[in-house]
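Input: a single structure, listed below in structure tokens.
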Amino acid sequence: MTRLTTAVRGLVTALAALLAVTAASTTARATPEPKAPEDFVALRSVDRTILQEMRYFTPHNFVGERIDGYREPLCILTRPAAEALHKAQRQLLPQGYSLKVYDCYRPQRAVDHFVRWAEDLDDQTMKGEFYPDVDKTRLFEDGYIAEKSGHSRGSTMDLTLVKIPAKPTPPYVPGQPLVPCFAPQGERFPDNSVDMGTGYDCFDTLSHTLDPRVQGQQRVNRLLLKDTLEDLGFVNLAEEWWHFTYKPEAYPDTYFDFPVSAASLVRSH
């Protein structure tokens, strides 16, 4: 009888432990995702004409896979930044151009994904296009990858210009031959943007907005984007012709981590 009682007690104890683990797991899964503050908006709710090609939702980026936190191909920004982009678009459309965003708000988990990738020196999948002349050991030292990004504060975006009517950009097929991002426009990935001298996210000094080697129509295109946006309160990152921050930032010291999805913008009542 004692042996049976001991066995039953052991079974009950094991069952209780299993239930506790299951309950903890359920609680962990039920933990709500962080939400965006009230003044974050989907860009398309402010301007539906600005083109969106959200690269980190796709495998066509320097990592070669969808980036953590990008649940939908959606540009999210603080409202002041989105409204300033709308003003820029209204100026550009009569000139025959449209803005196109590649990235907007970027969650911290995405930045963490970049850091993990940069630390994995064996992963060179996309080197041929995005960093052909940069040794991966130098990505942190040269400033191409960092543990924090202004994008996570919500007022920074990566963007370009497209001649209208816009031609479609062919889809990237993983495994297709890669061409250096600084190759002539007719040779590199056929983005539908105007010729800016390099592709987006090109880890190369030719991406510096005012690099003196970039001349002719390429320089004209860069300055049209830069001058239009700077007149409306944006500040360009000198090392990246595509990178702009609307000032003053609504959250200059806060790095958010809510996912890129419409659900992050759903307000609780």
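The values are calculated or read from the model by the stated rules, or taken from the named source; none is laboratory data. Quick caveat, the model's predicted, so the values are computed rather than measured. Positions of Cβ are backbone-derived with ideal geometry, glycine not excepted, and every protein chain shown enters the neighbour counts.
Here's the yes/no breakdown for (1) among the hydroxyl-bearing types (S, T, Y); (2) within 17 Å of Y102 (Cα to Cα); (3) touching a residue at least 60 places away in the same chain (Cβ under 8 Å); (4) assigned by TED's automatic domain parsing to the domain that holds D68:
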position: P212; (1), (2), (3), (4): no, no, no, yes
position: V220; (1), (2), (3), (4): no, no, no, yes
position: L229; (1), (2), (3), (4): no, yes, yes, yes
position: W241; (1), (2), (3), (4): no, yes, no, yes
position: Y246; (1), (2), (3), (4): yes, yes, yes, yes
position: V260; (1), (2), (3), (4): no, yes, yes, yes
(Q) Quick check on this structure: which one of C181, C202 is crowded, with 21+ Cβ neighbours inside 10 Å and touching a residue at least 60 places away in the same chain (Cβ under 8 Å)? (A) C202
Q: Return the only residue of F244, F258 being among the aromatic types (F, W, Y), in contact with a Leu (Cβ under 6 Å, 6 or more places away or on another chain) and within 27 Å of P59 (Cβ to Cβ).
A: F244
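Can you spot a residue in region 96-119 that is among the hydroxyl-bearing types (S, T, Y) and out of contact with any strand residue (DSSP E or B) (no Cβ under 6 Å at 6 or more places or on another chain)? Show your work before the answer.
Step one: list which residues in region 96-119 are among the hydroxyl-bearing types (S, T, Y), which gives 97-98, 102, 105.
With the extra rule that they be out of contact with any strand residue (DSSP E or B) (no Cβ under 6 Å at 6 or more places or on another chain), the set shrinks to none.
No, because not a single residue in region 96-119 is among the hydroxyl-bearing types (S, T, Y) and out of contact with any strand residue (DSSP E or B) (no Cβ under 6 Å at 6 or more places or on another chain).
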Q. Is there any pair linking a residue in region 110-136 that is in the same structural domain as D201 (by TED's automatic domain parsing) and closer than 15 Å to I67 by Cα to one that is crowded, with 16+ Cβ neighbours inside 10 Å and not aliphatic (A, V, I, L, M), with Cβ under 6 Å and at least six apart or on different chains, and which?
A. A110/D68; A110/G69; V111/S149; H113/D68; T125/G64; M126/F62; M126/G64
Q) Residue check: is L161 of a type outside the set (V, I, T) and touching a Ser or Thr at 6+ places or on another chain (Cβ under 7 Å)? A) yes
Q) What about P174, is it touching a residue at least 24 places away in the same chain (Cβ under 8 Å) and either hydrophobic (A, V, I, L, M, F, W, C) or in a loop (DSSP other than H, G, I, E, B) (or both)? A) yes
